[in-house]
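The next block holds one structure in the form of structure tokens; read it before the comments.
The values are calculated or read from the model by the stated rules, or taken from the named source; none is laboratory data. In this text the structure is predicted, and so the values were computed from the model without any measurement. Here the Cβ positions follow ideal geometry from the backbone for every residue, glycine too, while neighbour counts run over all protein chains shown. Heavy atoms of the whole protein, side chains included, go into the accessibility calculation; ligands, DNA and RNA do not. Shrake-Rupley method; radii C 1.70, N 1.55, O 1.52, S 1.80 Å.
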Amino acid sequence: MQVKGIKTFAKTLGILLLAWLLFLTWRYYFKASFGTDYPSGGRLTPSQRAMDIRAYHFDIHVKPEEKKLFITLAIDLRLPQTPPDTMLFDFIDGYSIESLVFNGREVKNYFYTNNRLGWLPRTEKAPRRDTRVTIRYSGIPPEAPRPPWQGGFVWDKDSEGYHWVTLACQGEGGKIWFPTKDTQTDKPDSLTMSITVAAPYYVPATGRLRAVDTLGDSLRYHWTSRYPVSSYGINFGVGRYIPLSDTLNSRGPQTVPAFFYSLKEDSAENVFLLQHLKQQVHVFESLFGPYPWPDDKLAAMQTPYLGMEHQTLNAYGNRHRYEEIDGHTVDVLMLHELAHEWWGNFISTADWADFWLHEGFATYSEALYVERIAGTTAYFDYMRRKMRAIRNRKPVIAGKNLSTTEAYNGDVYNKGAAFLHSLRFVLGDSLFKNMLYHWATDSTTRGGKTVVTADFLHHVNRYASAPQDSLFHFFLKSTRRIEVHVDSVAANCYRISLPGIHFPLPLQVEGSSGARKEIIPPGGLLMESIGYPMIDP
Ligand SMILES: [Zn+2]
């Protein structure tokens, strides 16, 4: 057959797949990178891997005038049958350690250097398997140079001159203020925090408030959490907070106390935000299952910095910069942090290399929310904005055992979200939504799970008609772009091909007989049409 008039053009997929050619950014929030002196994550030492942190019990005194913390921390541990040679915790240098008691005995010969605190367990008497270390220390924690991206404590004042103390340390991990294992693979099973401040300050914290004691002119707030929590998720604030309160009628078996911890000066506006937060939860519960922390609470806390997902105490510093989406007022920052209660806090990455499992999912959740309240067109508009922000300079997953600093870039948000958008097209709507719901709800432990991308791929493959390994690899581990070629091969006959893509990929194709979803095999697809078919019309 003689082929006449071969004409080729390439079209970059802008709507259903990725508009990677446009390197625009639209929100400064996602542009910043972690540039911390104390990156979090990476590899654990063998002795750290051997011990299991069961619980933290904090007794904290906060002295805002000195920007100083006085802490007694008891850590409940489970040790392996053969105890590790060295007990080793990540804890940045600079604190004064007053005492360290391990397994019921005071340890004098501990070492504390290079951001590590350790000691050799006594060899003549093996420690109990379930044991405890209690460390009493004090010091001035690092101040956050650029929260939340370069974290630490923020010692601020409200408009009336009262202290306003907050904390953000995702990039650094909890080791900037307490001894811990700098990993998400070992969360404690529970947490207690007793926090003492001068009256009349209020202290919101992780978990649920059990009691407040008055001790002379001080107040001691007793918080407990019955759930596992990442070290950077352990959080508190000190300020003239007003706990605006309500109840969330969760889809789960119980109602959940809901709070917005507001500075007095902003409480009128924040009454709206608490209602908005509850409404956002209702949408996410319908998509991802019940709110994960019913025994604790649902809460946001006003902060001087933009935001951060702190389990049961999300930081909110967006200053009411709402977006109007088809007549709906949306606080996208609060929405994004709320999505992390499922994606990041409940389902956590074991390795920061898989940061997109937090940020890509949270960003895509924004689009799902927009779709629910404003419809399909608004969803596509929203995703288009996210895709325009893709930079594609390095793969979303750029290695293994990476630190926060090595792993973090804007594409873990936007390209991660675009990947889920594409995966939805590949699986089809109802399979995708079913898959996503079960990714959140199939956890075997009530405190969630710690995962890597391979776990998510395994989960997706249980729903997909064919393994999606190649799709995952293409989107997440390469910076390659999709090019679509449409060649005229005969009268009214065209070949649609995807050069360099060696796995079948569905595309939306519109020929003279109408639009449909076509699987493009590696060799290309022949299609009859009067006139050039449109790809992704
Ligand atoms: Zn986020």
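If a residue has to be open to solvent by 50 Å² or more (accessible area, probe 1.4 Å) and farther than 20 Å from Q302 by Cα to count, how many in the stretch 199-237 make the cut?
Final tally of qualifying residues: 9.
When the stretch 100-129 is examined, which residues are found to be surrounded by fewer than 13 Cβ atoms within 10 Å (Cβ to Cβ) and either touching a strand residue (DSSP E or B) at 6+ places or on another chain (Cβ under 7 Å) or of a type in the set (K, R) (or both)?
If the condition is that a residue be surrounded by fewer than 13 Cβ atoms within 10 Å (Cβ to Cβ) and either touching a strand residue (DSSP E or B) at 6+ places or on another chain (Cβ under 7 Å) or of a type in the set (K, R) (or both), then R105, E106, K108, N109, F111, K125, R129 are the ones that fit.
From the set of residues in the stretch 158-197 that are hydroxyl-bearing (S, T, Y) and within 17 Å of F89 (Cα to Cα), which is most open to solvent (accessible area, probe 1.4 Å)?
Here is the first cut: in the stretch 158-197, the ones hydroxyl-bearing (S, T, Y) are 159, 162, 166, 180, 183, 185, 190, 192, 194, 196.
Okay, now just the ones that are also within 17 Å of F89 (Cα to Cα), so 180, 183, 185.
Numbers: T180: 1, T183: 21, T185: 76 Å².
Applying the filter and picking the extreme gives T185.
Just the residues that are open to solvent by less than 10 Å² (accessible area, probe 1.4 Å) and either of a type in the set (A, V, I, L, M) or assigned by TED's automatic domain parsing to the domain that holds P228 (or both), please, taken from the stretch 368-377. Give the steps one after another, and end with the answer.
So in the stretch 368-377, the residues open to solvent by less than 10 Å² (accessible area, probe 1.4 Å) come out as 368-370.
Those that are open to solvent by less than 10 Å² (accessible area, probe 1.4 Å) and either of a type in the set (A, V, I, L, M) or assigned by TED's automatic domain parsing to the domain that holds P228 (or both): L368, V370.
Return yes or no: is P290 in contact with a helix residue (DSSP H, G or I) (Cβ under 9 Å, 6 or more places away or on another chain), away from the ligand (no atom under 11 Å from the Cβ) and open to solvent by 10 Å² or more (accessible area, probe 1.4 Å)?
Values: in contact with a helix residue (DSSP H, G or I) (Cβ under 9 Å, 6 or more places away or on another chain): yes; away from the ligand (no atom under 11 Å from the Cβ): yes; open to solvent by 10 Å² or more (accessible area, probe 1.4 Å): yes.
Spelling it out, P290 is indeed in contact with a helix residue (DSSP H, G or I) (Cβ under 9 Å, 6 or more places away or on another chain), away from the ligand (no atom under 11 Å from the Cβ) and open to solvent by 10 Å² or more (accessible area, probe 1.4 Å).
When the residues of the stretch 404-431 are narrowed to those that are of a type in the set (F, W, Y) and more than 15 Å from the chain's Cα centre (by Cα), which ends up farthest from G42 (Cα to Cα)? Steps first, answer last, please.
So in the stretch 404-431, the residues of a type in the set (F, W, Y) come out as 408, 413, 419, 425.
With the extra rule that they be more than 15 Å from the chain's Cα centre (by Cα), the set shrinks to 419, 425.
On the way: F419: 25, F425: 34 Å.
Restricting to residues being of a type in the set (F, W, Y) and more than 15 Å from the chain's Cα centre (by Cα), the top hit is F425.
For the stretch 348-367, enumerate the residues that are hydrophobic (A, V, I, L, M, F, W, C) and buried (at least 24 other Cβ atoms within 10 Å of the Cβ). Write out each step before concluding.
Here is the first cut: in the stretch 348-367, the ones hydrophobic (A, V, I, L, M, F, W, C) are 350, 352-353, 355-357, 361-362, 367.
Selection gives W352, A353, F355, W356, L357, F361, A362.
Against the definition (under 23 Å from F260 (Cβ atoms) and within 15 Å of the ligand (Cβ to nearest atom)), how does W342 come out, yes or no? Lay out the reasoning, then the answer.
Details: under 23 Å from F260 (Cβ atoms): yes; within 15 Å of the ligand (Cβ to nearest atom): yes.
It is true that W342 is under 23 Å from F260 (Cβ atoms) and within 15 Å of the ligand (Cβ to nearest atom).
Does the stretch 365-386 contain any residue that is touching a residue at least 12 places away in the same chain (Cβ under 8 Å), within 15 Å of the ligand (Cβ to nearest atom) and of a type in the set (K, R)?
Yes: one or more hits.
The conditions are (1) over 19 Å from G42 (Cα atoms); (2) over 29 Å from the mean Cα position of the chain (by Cα); (3) in contact (Cβ under 8 Å) with a residue 40 or more places away in the chain, and S99 fails exactly one of them. Which is it?
(3)
Do the conditions hold for R516, that is, is it open to solvent by 70 Å² or more (accessible area, probe 1.4 Å) and assigned to a strand (DSSP E or B)?
So R516 fits the description; yes.
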